[in-house]
1. About the Cα centre, and with charges only on the beta carbon of Lys, Arg (+1) and Asp, Glu (-1), how big is the dipole of the chain? Nearest 20 debye, please.
2. In whole Å, how far is the Cα centre of region 141-194 from that of region 60-88?
3. What does the net charge come to around Phe191 if you take all other residues with beta carbon closer than 13 Å to its beta carbon, with K and R at +1 and D and E at -1?
4. Which is farthest toward the positive dipole end of region 2-86 among Gly21, Ala38, Ser70, measuring Cα position about the Cα centre, with Cβ charges +1 (Lys, Arg) and -1 (Asp, Glu)?
5. Among Gly166, Gly21, Gly221, which one shows the highest mean-square fluctuation when the chain is modelled as a Gaussian network with alpha-carbon springs under 10 Å?
6. In Å, what Kirkwood hydrodynamic radius results for region 132-253 from the alpha-carbon pair distances?
7. Just add up the charged neighbours of Ser167: K/R +1, D/E -1, any other residue whose Cβ is under 12 Å from the Cβ of Ser167.
8. Projecting each Cα onto the charge dipole of region 91-274 (Lys/Arg +1, Asp/Glu -1 at the beta carbon, about the Cα centre), which of Gly169, Ile236, Thr124 comes out farthest on the positive side?
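No lab work stands behind these numbers, since they all come straight from the coordinates. Just so we're clear, the structure is a prediction, and the values are computed from it rather than from any experiment. Here Cβ is always computed from backbone atoms with ideal geometry, including for glycine, and neighbour counts include all displayed protein chains.
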Amino acid sequence: MKMYKGFNKDMTCRGYKYEEGKTYETEAASLCNTGFHACERPLDVFGYYSPAESEYHVVEMDEVSDEKSSDDTKRVAKKITIGAKLSIRNLVDAQIQYVREHCTNENNAEEGKPATAGFRGAATAGSYGAATAGDSGAATAGFCGAATAGSYGAATAGDRGAATAGSYGAATAGDRGAATAGDSGAATAGFRGAATAGDRGAATSKGKSCVGKNGLAVARGNSCMVKGGLGSILVIAEEKEDDCDIAYWKSVIVDGEKIKADVWYCLKNGELVEAEE
C-alpha cells in the first residue's frame, strides 16, 4: 500500500533510524503502539511532523493492520519500504491526486472534495479538500487542505495545510503549514510552519523561511531558521521561552562571503551561526 511518512531531518522516527531505499520488518503491528506508521492522505503527515523541522517520503506498506485512526488516515504495518524524498510541492500534488481519486465530482467543494477553477477563477474547498485555480485565480482550502494557484494567484490553506502559488503569487498557510511562492511571490506560514519564495520573493514564518536571490526572509519564534540567495536580506528573531517577547534578533545581507548564499542560519546565544539541518 502506497502511503506517506514524515521523519526528523536526520531520518529518525521515534528514535529509530531509517534510510531511503531500505525495507524494515517487525513481528507485530498495533496502531499507535508498535509497528511502522504512515498516512494514506499525504497532508496528514503535517499532524505528526511539521514542515519546519521535518522531511517526507513516499513509502510502501505491507501486512497493513485493519485498524484505522478516528482522527486521520494513519495506518500501521509490519513491513515498510522507504521510497523517494518528497518536496512540499510533491506533497501538494499528491494530496490533490488523492482527493480526486476519492470523489466523483471534481467541481464539488464539499468537505474532503476538490474544487477546480480556470483562469481568473476562484476555488474553495473545505477541510482535507484540494483547491486549484489558474493564473490570477484564488484558491482556498481548509484544515489539512491543499491550495494551488497559478501566476499572480492567491493560495490560502488552513492549519497543517499546504499552499502553493506561482510567480508574483501569494501563498499563505496556517500553523504547521507549508507555503510556497514563485519568483517575486510572497509566502507566509504560521507556528512551526515553512515558507519558501523564489528570486525577489518574500517569505515569512514562525519556523523556517527561505528565499532566492534578492529576496527577503523573515523568521520569528523558537529554533527558527532563515536561508537566502545572493543579495537577499535575512531577518531572524528568537523569542523567550516563557513568553513571546524577543530575546535576540539579527538582520543581515547575504553577501556570499561573511553570510553565505543558500545556507541555513539560526541564532545561538544572540549570534547568527550556520544551522545544523
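1. Numbers: 31 positive and 39 negative charges, 86 e Å.
Magnitude of the dipole: close to 420 debye.
2. What the calculation gives is 26 Å, centre to centre.
3. Charge balance near Phe191 sits at +2.
4. Ranked along the dipole, the leading option is Gly21.
5. Among Gly166, Gly21, Gly221, the largest GNM mean-square fluctuation belongs to Gly21.
6. This gives a value of 13.6 Å.
7. Neighbour charge sum, excluding Ser167 itself: -2.
8. The residue sitting farthest along the positive end of the dipole is Gly169.
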